[in-house]
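A.B. asks: Take a look at the following structure, please.
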Amino acid sequence: MRVFTKPPEQMTNSTASDAMASLRSTLRRIQERDKMHEKLVIIDGEIVYLGSLNVLSHIDTLEIMIRVQSQNFADAIERCVNMGNSFKNPSKQEEGIESSGSPIKLFLKDLPSAFSPCNVCGSDMLVRQVNSDEPFYGCRNYKKHPDKTYYERMTERHLACITSLENIRCEDCGGSTYIKIPFKQNGLVICSQCSHSREIIFSK
């Protein structure tokens, strides 16, 4: 389970920092999101709770919380969350983003397993990389159906599963960050405040 919340310094409660420390001792995956106002919980990449209820601080108000069990819906919600403030300027979403900070170096083994099997033969999908290009997931038995190749692109959701990328602070201003994979580029960790970015580089 992953809980999304705004950074403690953006909360009005004076005990926010202590509460966050207590929460981290209980839950392994907490993702801070700058200026967050959504109420959201995603469980196992499939179950989504979404609505007006403050999940961690409800007292006596009337709220609504919708539960949706759908991997496709969870994927869409996670893409929205991970893209963060980039939605504020949709005209620039497909433009290239130049990395401005030190790279974040990871290994292919850090990536999670594919979220679905090959849709041609049902075999497992393995992490693959050609030269230094962006990693992808390819069928274990692709040679058995060369005329019907199938692969799965690496997405923000895959990167969000890497624990070392969680809650990275901007190396320039200390702000919270989000993950984005621009068109035909490697993944980036981008500051939601100053837009400082760091490229994610994978090696074998």
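A.B. asks: Here are some conditions: (1) at pLDDT 90 or above; (2) closer than 30 Å to Ala21 by Cα. Cys173 meets all but one. Which one does it not meet?
C.D. replies: Unmet condition: (1).
A.B. asks: Something else now. Suppose the filter is in the same structural domain as Glu166 (by TED's automatic domain parsing) and under 16 Å from Ile168 (Cα atoms); does Gln31 pass it?
C.D. replies: Numbers: in the same structural domain as Glu166 (by TED's automatic domain parsing): yes; under 16 Å from Ile168 (Cα atoms): yes.
It is true that Gln31 is in the same structural domain as Glu166 (by TED's automatic domain parsing) and under 16 Å from Ile168 (Cα atoms).
A.B. asks: Go through the range 150-163 and count every residue that is farther than 20 Å from Lys184 by Cα and more than 14 Å from the chain's Cα centre (by Cα).
C.D. replies: Filtering the range 150-163 down to residues farther than 20 Å from Lys184 by Cα leaves 161-163.
Now drop any that are not more than 14 Å from the chain's Cα centre (by Cα), which leaves none.
Going through the range 150-163 one residue at a time, the tally reaches 0.
A.B. asks: Next question, about the same structure. So which pairs qualify, if the first residue must be in the range 175-199 and touching a residue at least 12 places away in the same chain (Cβ under 8 Å), the second must be part of a strand (DSSP E or B) and acidic (Asp, Glu), the Cβ gap must be under 9 Å, and the two must be at least 6 apart or on different chains?
C.D. replies: Ser176/Glu32; Thr177/Glu32; Gln185/Glu199; Asn186/Glu199; Gly187/Glu199; Leu188/Glu199; Val189/Glu199
A.B. asks: Moving to a separate point now. Do the conditions hold for Ser25, that is, is it modelled with pLDDT of 75 or more and part of a helix (DSSP H, G or I)? It would help to see each step written out before you state the result.
C.D. replies: Details: modelled with pLDDT of 75 or more: yes; part of a helix (DSSP H, G or I): yes.
Yes.
A.B. asks: Kindly indicate the residue of the range 127-149 that is assigned to a loop (DSSP other than H, G, I, E, B) and under 21 Å from the mean Cα position of the chain (by Cα) and also farthest from Val189 (Cα to Cα) among those meeting that condition. Show your work before the answer.
C.D. replies: Of the residues in the range 127-149, the ones assigned to a loop (DSSP other than H, G, I, E, B) are 129-135, 140-141, 145-149.
Checking which are under 21 Å from the mean Cα position of the chain (by Cα) leaves us with 129, 133-135.
Values: Gln129: 20, Asp133: 17, Glu134: 15, Pro135: 16 Å.
Across the range 127-149, the extreme among qualifying residues is Gln129.
A.B. asks: Then there is this: So, in the range 150-174, of the ones that are part of a loop (DSSP other than H, G, I, E, B) and of a type in the set (Asp, Glu), which residue ends up farthest from Arg24 (Cα to Cα)? Spell out how you get there, then give the answer.
C.D. replies: Step one: of the range 150-174, the residues part of a loop (DSSP other than H, G, I, E, B) are 150, 154-155, 161-162, 166-174.
Now narrow it down to the ones that are of a type in the set (Asp, Glu): 166, 171-172.
Details: Glu166: 12, Glu171: 22, Asp172: 25 Å.
Selected residue: Asp172.
A.B. asks: Take the residues in the range 63-103 that are of a type in the set (Ser, Thr, Tyr) and outside any loop (DSSP other than H, G, I, E, B); name whichever of them is modelled with the highest pLDDT. Even if it seems obvious, please write down each step before you answer.
C.D. replies: So the first thing to find is which residues in the range 63-103 are of a type in the set (Ser, Thr, Tyr), and the list is 70, 86, 91, 99-100, 102.
Of the ones still in play, those that are also outside any loop (DSSP other than H, G, I, E, B) are 86, 91.
Numbers: Ser86: 42, Ser91: 39.
Residue satisfying both the conditions and the ranking: Ser86.
The values are calculated or read from the model by the stated rules, or taken from the named source; none is laboratory data. Since the model is a prediction, treat every value here as computed from it, not as a measurement. Note that we place each Cβ from the backbone using ideal geometry, even for glycine, and neighbour counts take in every protein chain shown.
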